[in-house]
Amino acid sequence: MDNCPSSNNSTSGRELLVAASAAQETAIHVATTIIQQQQEVVARLSRYRNYYEMEIARQNERMADIERAMKTFGQQGEASDSKQRALKVLAASLDDARKTLFDARLAKARLELEISHWVTHATGAAAAGADGTNN
């Protein structure tokens, strides 16, 4: 009677339920871990983005300061060699500030795309974990 088919089917059914439950718990654990890692990446990328936002503000302020200095300096007295050299230095500083501003804006835009990717990816991982799949 040990080889009774109904007894083996019952044991196999219980084993399958236990295995399915363990697989689902593993999938949920994996999805949770992935989501936590993705949240950490998004947090780090957000800090970088915040840095570039501050850099953009600094460069805008720097450009405004240089432009004011150029305007003020240009309105003072007659043109001299030293005044022309100073204006050239200010113009070069303004050009540098514009380039730095462009680079900061570009970096911020790239980070925003990266953040968007990770947020979308994290949402997909959460959905996969909720339904027990691991995509």
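The values are calculated or read from the model by the stated rules, or taken from the named source; none is laboratory data. Not measured: the values here are computed from a predicted model. For neighbour counting, all protein chains shown are included, and Cβ atoms are generated from backbone atoms with ideal geometry for every residue, glycine included. Areas reflect the complete protein model, heavy atoms only, side chains present, ligands, DNA and RNA absent. Shrake-Rupley method; radii C 1.70, N 1.55, O 1.52, S 1.80 Å.
Give the number of residues within segment 74-112 that are loosely packed, with under 14 Cβ neighbours inside 10 Å, among the hydrophobic types (A, V, I, L, M, F, W, C) and more than 24 Å from the chain's Cα centre (by Cα).
4
When Q38 is evaluated against the numbered criteria (1) polar (S, T, N, Q); (2) open to solvent by 50 Å² or more (accessible area, probe 1.4 Å); (3) under 26 Å from the mean Cα position of the chain (by Cα), which criterion, by number, is the only one it fails?
Q38 satisfies every listed condition except (2).
In this structure, does A64 turn out to be at pLDDT 95 or above and either open to solvent by 60 Å² or more (accessible area, probe 1.4 Å) or assigned to a helix (DSSP H, G or I) (or both)?
yes
Taking segment 118-135 on its own, how many of its residues are part of a helix (DSSP H, G or I) and either open to solvent by less than 50 Å² (accessible area, probe 1.4 Å) or at pLDDT 90 or above (or both)? Before the answer, list the steps.
As a first pass, look at segment 118-135 and keep what is part of a helix (DSSP H, G or I): 118-130.
Then drop every residue that is not either open to solvent by less than 50 Å² (accessible area, probe 1.4 Å) or at pLDDT 90 or above (or both), which leaves 122, 124-126, 128-129.
Qualifying residue count, segment 118-135: 6.
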